[in-house]
Amino acid sequence: MPDGYSNVPQPIRNDGAGWVDKGPRDIMRDLENPDMLVPPKTDAGLVPNLKFSFSDTHMVLKNGGWSREVTARDLPIATTLAGVNMSLTPGGVRELHWHQQAEWSYMILGHARITAVDQNGRNFIADVGPGDLWYFPPGIPHSIQGLEDGCEFLLVFDDGHFSDLSTFSISDWFAHTPKDVLSANFGVPMSAFNHIPKEQVYIFQDKIPGPIDTQKVQSPYGTVPQTFKHRLLAQTPIKTPGGSVRIVDSTNFPISKNIAAALVEIKPGAMRELHWHPNNDEWQYYLQGQGRMTVFAANGVARTFDYRAGDVGYVPFANGHYIQNTGTETLWFLEMFKSDRFQDVSLNQWMVLTPTELVQSNLNIGPDLLNVLRKEKWPVVKYPGFSYYPR
């Protein structure tokens, strides 16, 4: 390598392929994407971009909090789901609103109070904290408010072209309805609407709400029959030597008919095993740590991406892939699907449950591999002496 280029990453693979990059470049970006700068030799063909960072999105700043979103406009391949990252101050309110899409949410930090009313006049109010989920079906009106410590959460919607800035908000509807119509609808003088907002409020600052018991409203029709809240971290995880997985779908969170998910923990040196999903595309959100994923798209095509906390990843329907922890801390991420059920197919399990002679002749492999295949599925794997560690 020429003098002066040894201290920065270069697009040169250890087999000699490549050459130094002498032109204008973003070295910090290259440091974050080592497997994109120097792709593994096994990468081949054309795979669309499967990564986008929330750090590269537009921030909407309001008194009361902020929001930003990753949709198909930012990540065109992501047609099934879109995501919104939002934070509310103590007392900050995501105003009363509803969507044409289902809303699934994971509470990242802090606490919030959520409310909703269904089509039969049955209401719902609950407090949520770190690791809790909520799900509102399409068309169900709801609200979110930060409690004493504020909050940050991820919202996921079952339409890749969704935008949180084009939802149905109560302030927006009031602002665009004649006051005489509002007067006739509610049976009050038009003067009652003299101070309503002139446009959509979206997020606003309010006082911190009191204890939940002080805010409960009794409905003559009762409460919703299926809870909109789920305590994901309270679930017993599937544990393996390399980490853990918590799966949530309509089997254990019955109201969640449109979105299924898994919270995955991958310890240093471990990986989410080689697998694929037979029911839909996968939308990922990385919560902590760093990792890499190679996506196999068939016909000799594969591409590797590097991910860090705050990134969104995507895997098209039925594409084979893995996620490997490439850092020194535990990697946590969510994998989500536009489906009522979580489904995956394990490469290991498929091989061991197929006649041995057929697998052996197909891959030209011997007992060193065939004798260690497991019939039980391990979503996350780690084998001493065969793990990835940062160099």
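Summary table
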{"read-out": "Gln288, sole failed condition from (1) touching a Ser or Thr at 6+ places or on another chain (Cβ under 8 Å); (2) under 18 Å from Gly45 (Cβ atoms); (3) open to solvent by 50 Å² or more (accessible area, probe 1.4 Å)", "value": "(2)"}
{"read-out": "Residue list for the stretch 113-169, restricted to those being in contact with an Asp or Glu (Cβ under 8 Å, 6 or more places away or on another chain), aromatic (Phe, Trp, Tyr) and open to solvent by 10 Å² or more (accessible area, probe 1.4 Å)", "value": "Phe124"}
{"read-out": "Any hit, the stretch 46-66, residues being open to solvent by 70 Å² or more (accessible area, probe 1.4 Å) and acidic (Asp, Glu)", "value": "yes"}
{"read-out": "Those residues of the stretch 179-197 which are of a type outside the set (Phe, Trp, Tyr), in contact with a helix residue (DSSP H, G or I) (Cβ under 9 Å, 6 or more places away or on another chain) and surrounded by 10 or more Cβ atoms within 10 Å (Cβ to Cβ), in sequence order", "value": "Lys179, Asp180, Leu182, Ser183, Val188, Pro189, Met190, Ala192, Ile196, Pro197"}
{"read-out": "Answer from Phe253, Phe204, Phe296 - the residue that is within 27 Å of Gly146 (Cβ to Cβ) and open to solvent by 10 Å² or more (accessible area, probe 1.4 Å)", "value": "Phe204"}
{"read-out": "Qualifying positions in the stretch 114-137 - over 18 Å from Val84 (Cα atoms) and among the charged types (D, E, K, R)", "value": "Asp118, Arg122, Asp127"}
{"read-out": "Any hit, the stretch 258-274, residues being without any contact (Cβ under 8 Å) to a residue 12 or more places away in the chain and either more than 15 Å from Asp132 (Cα to Cα) or more than 19 Å from the chain's Cα centre (by Cα) (or both)", "value": "no"}
{"read-out": "Some residue of the stretch 223-245 being under 25 Å from Gln349 (Cα atoms) and within 16 Å of the chain's Cα centre (by Cα)", "value": "yes"}
{"read-out": "Every residue from the stretch 224-237 that is farther than 24 Å from Thr167 by Cβ and in contact with a strand residue (DSSP E or B) (Cβ under 6 Å, 6 or more places away or on another chain)", "value": "Arg231, Leu232, Gln235, Pro237"}
{"read-out": "Test: Asp213 is touching a residue at least 24 places away in the same chain (Cβ under 8 Å), within 26 Å of Ser105 (Cα to Cα) and of a type in the set (Asp, Glu)", "value": "no"}
{"read-out": "Of all residues in the stretch 20-61 being in a loop (DSSP other than H, G, I, E, B) and within 22 Å of the chain's Cα centre (by Cα), the one that is nearest to Gln284 (Cα to Cα)", "value": "Leu50"}
{"read-out": "The one condition in (1) in contact (Cβ under 8 Å) with a residue 12 or more places away in the chain; (2) open to solvent by less than 70 Å² (accessible area, probe 1.4 Å) that Arg25 fails to fulfil", "value": "(1)"}
{"read-out": "Contacts under 7 angstrom Cβ, first residue in the stretch 330-351 being under 20 Å from Met107 (Cβ atoms), partner among the acidic types (Asp, Glu) and part of a loop (DSSP other than H, G, I, E, B), 6 or more apart", "value": "Phe342/Asp249"}
{"read-out": "Residue satisfying all of: in the stretch 235-250; open to solvent by 30 Å² or more (accessible area, probe 1.4 Å) and among the hydrophobic types (A, V, I, L, M, F, W, C); nearest to Ser387 (Cα to Cα) among these", "value": "Ile238"}
{"read-out": "Among (1) buried (at least 19 other Cβ atoms within 10 Å of the Cβ); (2) within 16 Å of the chain's Cα centre (by Cα); (3) within 23 Å of Asp43 (Cα to Cα) - the single one Arg308 does not satisfy", "value": "(1)"}
{"read-out": "Filter result (surrounded by 14 or more Cβ atoms within 10 Å (Cβ to Cβ) and within 25 Å of Trp66 (Cβ to Cβ)) within the stretch 207-232", "value": "Ile208, Pro209, Phe228, Lys229, Leu232"}
{"read-out": "Helices (runs of 4 or more DSSP H) (entirely within the stretch 333-375) containing at least 3 residues that are in contact with a strand residue (DSSP E or B) (Cβ under 6 Å, 6 or more places away or on another chain)", "value": "none"}
{"read-out": "Out of Val381, Val372, sole residue that is of a type in the set (A, V, I, L, M) and closer than 23 Å to Gly291 by Cβ", "value": "Val381"}
{"read-out": "Some residue of the stretch 88-104 being touching a residue at least 60 places away in the same chain (Cβ under 8 Å), assigned to a strand (DSSP E or B) and open to solvent by 30 Å² or more (accessible area, probe 1.4 Å)", "value": "yes"}
{"read-out": "Near pairs, Cβ below 6 angstrom, 6+ apart or cross-chain, from the stretch 112-138 (of a type in the set (Lys, Arg)) to any residue that is open to solvent by 20 Å² or more (accessible area, probe 1.4 Å) and not in a loop (DSSP other than H, G, I, E, B)", "value": "Arg113/Asp127; Arg113/Gln145; Arg122/Thr223"}
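The values are calculated or read from the model by the stated rules, or taken from the named source; none is laboratory data. A quick note: this is a predicted structure, and the numbers were derived from the prediction, not measured. Here Cβ is always computed from backbone atoms with ideal geometry, including for glycine, and neighbour counts include all displayed protein chains. When the accessible area is computed, the model is the full protein with side chains, heavy atoms only, and any ligands, DNA or RNA have been set aside. Shrake-Rupley method; radii C 1.70, N 1.55, O 1.52, S 1.80 Å.
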